[in-house]
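No value in this document is a laboratory result; all are computed from the given coordinates. If you're wondering where the values come from, they're calculated on a predicted model, not measured in any experiment. Quick reminder, even Gly has a Cβ in these numbers, built from the backbone with ideal geometry, and neighbours come from all protein chains shown.
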């Protein structure tokens, strides 16, 4: 999977406009501004290392608070402002009337939907960064989405967003 993510993500980083600093910046409030089962159980994203040139170990880990299936990490442009995504329960989303509000942070262009690997917290998404100085300053946004398997069906769970800038 590492070669797939490198082959697809790295060219994208090179095309994006540079921005200052190197970091993983949460977009929205972890556990709250995504779709979850309750107002404080939306999925959350964590960077497992520094997004720096030559870091083959860089990855995103998610904390998933439901019985998940089909995890995908959406990688694309950062929206200028989050967009509320109404579901069957209005702005509270897809999992029930007490669920956390659903917001999109990635778009309108999504470059890649990368499948996840199970981890102790939820899912792990390898995003190795090659030793290519032209990637410095490249920024993408990511957001995780998966189905939550419930007693009577499934619903859509979504994390907060993360802006990633390569140093």
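Tell me whether the stretch 101-142 comes out rounded, prolate or oblate; compute the Cα gyration tensor, take square roots of the eigenvalues as a ≥ b ≥ c, and use a/c under 1.5 as the rounded threshold.
In terms of gyration-tensor shape, oblate.
Modelling each spin label as a point 7 Å along the Cα-to-Cβ direction, I'd like the residue 69/residue 85 distance in nm, to one decimal.
The modelled label-to-label distance comes out at 1.8 nm.
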